[in-house]
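Student: Provided herewith is a single structure, encoded as structure tokens, for subsequent inquiry.
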Amino acid sequence: MSLARSERSALVDTMRATGPDAPTLCAGWNTRDLAVHLIMRERRLDATAGIFVGALASHTAAVTESYADTPWEELLVQLAQGPPWYSPFRVADRYLNLAEMFVHHEDVLRGAEAPDASVTPRDLSPELVQALSFPLRTVGKRIMAASPVRATMTTADGREVMSVGRGEPVSVTGTIGELLLFSFGRAPVDVKFAGPSTAIASLRSAQRRL
């Protein structure tokens, strides 16, 4: 089983344990909303286009609404099954879905926490840590491309993983998983900052965009 499939399975287990109405770190979404989003992302590409194209937003809303009465367990079964045969995500599942499943799993695990809460990251296997380094350097860097400061991501042993943005320098230190979550704009995360206080504040409040 690929790491992406393992993380998907863990996400489904966590969702089943928390139930459909549990909070997540995705603003305004509970676990049912998140499950519908993930299923539509893989099964209804026609609908997810409305997230990026305003003219299609009504279609996206209509398809989303069509999932409203789907039994919770049925949603979890669809999510656990992964991309169907016709989805481009099926062929590249291990590459396109690892970060997606990891981040959204943490969205559920930390859903009830305040943004400034202290968190203890779960233990990740060395293989998962290594695999998450790639989306941090690629997708994370793209999401943070408009950073108002020069943000350098480093691990606790001083290894620089990624640097992005322009302006005053700020160092962000943490594990690969926590750095990935921070790059995706999640909070709370277990990272430490070093740099001018105003620059750190700007970085923490900066918008993330794909």
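Student: In the range 132-166, which residues are closer than 24 Å to residue 96 by Cα and out of contact with any strand residue (DSSP E or B) (no Cβ under 7 Å at 6 or more places or on another chain)?
Tutor: Hits for the range 132-166 are 132, 134, 135, 138, 139, 142, 143, 146.
Student: Same structure again: Which is buried (at least 21 other Cβ atoms within 10 Å of the Cβ), on the phi < 0 side of the Ramachandran plot and touching a helix residue (DSSP H, G or I) at 6+ places or on another chain (Cβ under 8 Å), of 170, 129, 139? If you could, list the steps in order and put the result at the bottom.
Tutor: Details: 129 fails: buried (at least 21 other Cβ atoms within 10 Å of the Cβ); 139 fails: buried (at least 21 other Cβ atoms within 10 Å of the Cβ).
Being buried (at least 21 other Cβ atoms within 10 Å of the Cβ), on the phi < 0 side of the Ramachandran plot and touching a helix residue (DSSP H, G or I) at 6+ places or on another chain (Cβ under 8 Å) holds for just one of 170, 129, 139, which is 170.
Student: Which residues, counting only those in the range 144-161, are closer than 16 Å to residue 202 by Cα, crowded, with 18+ Cβ neighbours inside 10 Å and out of contact with any Gly (no Cβ under 6 Å at 6 or more places or on another chain)?
Tutor: Answer for the range 144-161, where residues must be closer than 16 Å to residue 202 by Cα, crowded, with 18+ Cβ neighbours inside 10 Å and out of contact with any Gly (no Cβ under 6 Å at 6 or more places or on another chain): 144, 152, 153.
Student: Here are some conditions: (1) in contact with a Ser or Thr (Cβ under 7 Å, 6 or more places away or on another chain); (2) acidic (Asp, Glu); (3) crowded, with 19+ Cβ neighbours inside 10 Å. Residue 100 meets all but one. Which one does it not meet?
Tutor: (1)
Student: Kindly indicate whether residue 18 is in the same structural domain as residue 80 (by TED's automatic domain parsing) and within 19 Å of residue 97 (Cα to Cα).
Tutor: no
The values are calculated or read from the model by the stated rules, or taken from the named source; none is laboratory data. Note that the structure is a prediction, hence the values are computed from the model and not measured. Virtual Cβ from ideal backbone geometry, glycine too; neighbours counted across all protein chains shown.
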